[in-house]
Structures are given as C-alpha cells and as structure tokens.
Amino acid sequence: MLKSYLFAQLNPVQKRNIWNSKSILKIFEVSEEYQPVFIEELRGLQMMEVLARSSKLEYKKEIQVNDRFVIESPREFEGIYGYLVQKQKRFLWVIKIELLGQFVNVEIDPCNYKMRKID
C-alpha cells in the first residue's frame, strides 16, 4: 500500500545523511508520544492490505470524488476517515486516509470495505 515509503527510526546524523542523499522527498517525523499510535495505525494499514486480497465488502455507491467518508467495516478499520481522490477503474479507488493529522494516499478496492459518506 505504501510502496514508496520507508519507515525508519533514525538518529540526527543518519537523518542528515539520508536527507543529503537527494533520494528523499520528505521526512515525516512522529513525536515520541505519538509513535505507539502511529505504529498501530501502520499495522492497521498492513491488515487492510491483507484483507483487501481476500475480503468481500459492500460499499456506498453515492461516495463521489472529493467526498469524505468513514470506514464502517471490516472492524479492524472501523472509524478510519478518508477522502475519495479518484476512481481509476471499476474496482480501484485512490483515497486519502487520515493518519495523525496527516494524509496518506492509498489505492483500495472499494468492494472490500463498507463506507459511509460524511456530509
């Protein structure tokens, strides 16, 4: 799901060396107090990827591009908010998932999730 992301815990010297490599576009820093929450959210995304391969799901067809929604099932992702960015194919959506006040773009098959549009 996050193919172009690398998650690492770096000391200041490592961070400076990586940044100077010109291979990194952005470093997203998570404060120590939010690290446990962030790790749990990453695990949730990992689980979402696994479930997307095997789960069936009904979805709300009234969700359109730029609409905000909340995932209602599967239970592991219940309460996660996002925005529909683009419908690429019949069973492929690009969405923005809210994580710690930031957004992550991911591609999902909407058939694997039950979502509710939020006005």
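Summary of computed values
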quantity	calculated
Counted residues, the stretch 69-97 - those being part of a loop (DSSP other than H, G, I, E, B) and at pLDDT below 85	3
Among (1) part of a helix (DSSP H, G or I); (2) of a type outside the set (Asp, Glu); (3) modelled with pLDDT of 85 or more, the one test that residue 47 misses	(3)
Whichever residue in the stretch 60-88 is farther than 12 Å from residue 113 by Cβ and among the acidic types (Asp, Glu) and, among such residues, is least open to solvent (accessible area, probe 1.4 Å)	67
The stretch 3-15 residues that are acidic (Asp, Glu) and assigned to a helix (DSSP H, G or I), paired with ones that are exposed (fewer than 10 other Cβ atoms within 10 Å of the Cβ) and modelled with pLDDT of 80 or more (beta carbon under 8 Å, 6 or more apart)	none
Complete set of residues in the stretch 18-44 that are exposed (fewer than 11 other Cβ atoms within 10 Å of the Cβ) and either aromatic (Phe, Trp, Tyr) or assigned to a helix (DSSP H, G or I) (or both)	20, 32, 33, 36, 40
Test result for residue 55, open to solvent by 30 Å² or more (accessible area, probe 1.4 Å), of a type in the set (Gly, Ala, Ser) and modelled with pLDDT under 85	yes
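The values are calculated or read from the model by the stated rules, or taken from the named source; none is laboratory data. It should be emphasised that the depicted structure is a prediction, and the values quoted were computed from it without experimental measurement. Positions of Cβ are backbone-derived with ideal geometry, glycine not excepted, and every protein chain shown enters the neighbour counts. Keep in mind that these areas ignore ligands, DNA and RNA; they rest on the heavy atoms of the full protein, side chains included. Shrake-Rupley method; radii C 1.70, N 1.55, O 1.52, S 1.80 Å.
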